[in-house]
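Right, one structure below, let's go through it.
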């Protein structure tokens, strides 16, 4: 059985800490953007796609084959990832290849994995 977090039952407000944290709070628009990012990352299919793209640049057909998903399902998720600036694409003739947008996205994946694997 999982233990619940302890709850502080004191009535003292530590004004210096509250003031410091309050003065360093992120702006509302940044909090909103961060929340949207985590919402996008909250989907297992999108994580699978991002993991695949962290291994190699791939087209929709290759992603579908690797993840055993339809091209339409992959395309839908790629659109969400593109809107979230997590993946980008390039055209080569009639082919479109997807990759992670930048090194920050690789770092997000790596840090997330390290956190979930941490004892």
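Tell me which residues, restricted to segment 47-78, are in a loop (DSSP other than H, G, I, E, B) and out of contact with any strand residue (DSSP E or B) (no Cβ under 6 Å at 6 or more places or on another chain).
The answer is 56, 68, 69, 70.
Condition first: at pLDDT 95 or above and part of a strand (DSSP E or B). Can you find one or more residues in segment 106-118 that meet it?
There is no residue in segment 106-118 that is at pLDDT 95 or above and part of a strand (DSSP E or B).
Considering only segment 79-104, how many residues are part of a helix (DSSP H, G or I) and in contact with a helix residue (DSSP H, G or I) (Cβ under 7 Å, 6 or more places away or on another chain)? Can you show your working first?
Of the residues in segment 79-104, the ones part of a helix (DSSP H, G or I) are 79-83, 103-104.
Pick out the ones that are also in contact with a helix residue (DSSP H, G or I) (Cβ under 7 Å, 6 or more places away or on another chain) and you get 80-81.
Adding up the residues that qualify gives 2.
With the structure loaded, tell me whether residue 20 is loosely packed, with under 15 Cβ neighbours inside 10 Å and touching a strand residue (DSSP E or B) at 6+ places or on another chain (Cβ under 7 Å) or whether it fails that test.
Values: loosely packed, with under 15 Cβ neighbours inside 10 Å: yes; touching a strand residue (DSSP E or B) at 6+ places or on another chain (Cβ under 7 Å): no.
Judged against the criteria, residue 20 is not a match.
Please tell me if residue 39 is within 20 Å of residue 112 (Cα to Cα) and loosely packed, with under 14 Cβ neighbours inside 10 Å. So that I can check it myself, show each step before the final result.
Details: within 20 Å of residue 112 (Cα to Cα): yes; loosely packed, with under 14 Cβ neighbours inside 10 Å: yes.
Against the criterion (within 20 Å of residue 112 (Cα to Cα) and loosely packed, with under 14 Cβ neighbours inside 10 Å), residue 39 qualifies.
In segment 102-114, what count of residues is obtained for those that are surrounded by 11 or more Cβ atoms within 10 Å (Cβ to Cβ) and over 12 Å from the mean Cα position of the chain (by Cα)?
Here the count works out to 1.
Taking the condition more than 15 Å from the chain's Cα centre (by Cα), closer than 28 Å to residue 113 by Cα and surrounded by 11 or more Cβ atoms within 10 Å (Cβ to Cβ), does residue 33 pass? Step through it out loud before you land on a result.
Details: more than 15 Å from the chain's Cα centre (by Cα): no; closer than 28 Å to residue 113 by Cα: yes; surrounded by 11 or more Cβ atoms within 10 Å (Cβ to Cβ): yes.
For residue 33, the condition - more than 15 Å from the chain's Cα centre (by Cα), closer than 28 Å to residue 113 by Cα and surrounded by 11 or more Cβ atoms within 10 Å (Cβ to Cβ) - is not met.
Please state which one of 40, 31 is free of Cβ contacts under 8 Å to residues at least 40 places away in the same chain and in a helix (DSSP H, G or I). Steps first, answer last, please.
Values: 40 fails: free of Cβ contacts under 8 Å to residues at least 40 places away in the same chain.
From the options 40, 31, the qualifying one is 31.
The values are calculated or read from the model by the stated rules, or taken from the named source; none is laboratory data. Fair warning: this is a prediction, and the values are worked out from it, not measured in the lab. With ideal geometry, Cβ positions are generated from the backbone for all residues, glycine too; neighbour counts draw on all protein chains shown.
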